[in-house]
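A short worksheet on the structure shown next.
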Amino acid sequence: MPKRAHLAAGILAPLCIATFFVSTIVVELFGSPQSVAQLKSLIVTPGLWILIPTLMAAGGSGMVLSRARSGRLVDTKKKRMPFIAANGLLVLVPCAIFLARWSAAGSFDAAFYAVQAVELVAGAVNLTLMGLNVRDGLKLSGRSRPTRPAAAPGT
């Protein structure tokens, strides 16, 4: 059961963040202020209500699965998780809430776009770290072979 829970949460969490990230960029570039406000509202509710439990499930099931394992990949994944969690709880969640409130009030000023930039950078960092964890998880499960260096020309 923990393997399936980890797999499902490990797919859904980065998918949520990627959806928030891409939709934010698209709506900022092509949408109206009303569509920005609507998106920001949807990211908070139901978005965060889906994302936060999913991240908790991925982290919790990963910790359960890692009890029986050791090694460099497991240790590396364990070291990334506190950064992912802290970035999510201390940066991404507050940014999402502030941006939803400001956009609902029509406050699209420099502060809004500064927080938006912080949110996008933090989201990109979390996506990168989660992607690395997915890659290492696939290696651990045997679903992905370790990469080998390319042979030098002429050998």
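The values are calculated or read from the model by the stated rules, or taken from the named source; none is laboratory data. No experiment lies behind these values; they were computed from the predicted model shown. Neighbour counts are summed over all protein chains in view; Cβ atoms, including those assigned to glycine, are modelled from backbone coordinates with ideal geometry.
For the reader, a short list of remarks on this structure follows.
- Apart from one condition, Leu90 fits all of (1) within 22 Å of Ser141 (Cβ to Cβ); (2) exposed (fewer than 14 other Cβ atoms within 10 Å of the Cβ); the exception is (1).
- Residue that is nearest to Gly88 (Cα to Cα) [pool: residues in the stretch 16-30 that are surrounded by 14 or more Cβ atoms within 10 Å (Cβ to Cβ) and of a type outside the set (S, T, N, Q)]: Ile17
- Residue selection: Asp109 fails the criterion of being touching a helix residue (DSSP H, G or I) at 6+ places or on another chain (Cβ under 9 Å), in contact (Cβ under 8 Å) with a residue 12 or more places away in the chain and over 21 Å from Leu48 (Cβ atoms).
- Test for Ala111: is it out of contact with any Leu (no Cβ under 9 Å at 6 or more places or on another chain) and at pLDDT 95 or above: yes
- Boolean, Ala96 is in contact with a Ser or Thr (Cβ under 6 Å, 6 or more places away or on another chain), at pLDDT 95 or above and part of a helix (DSSP H, G or I): no
- Subset tally (residues that are free of Cβ contacts under 8 Å to residues at least 12 places away in the same chain and either in a helix (DSSP H, G or I) or polar (S, T, N, Q) (or both)) for the stretch 20-41: 8
- In the stretch 53-72, the residues that are touching a residue at least 40 places away in the same chain (Cβ under 8 Å) and surrounded by 17 or more Cβ atoms within 10 Å (Cβ to Cβ): Thr54, Leu55, Ala57, Ala58, Ser61, Gly62, Leu65
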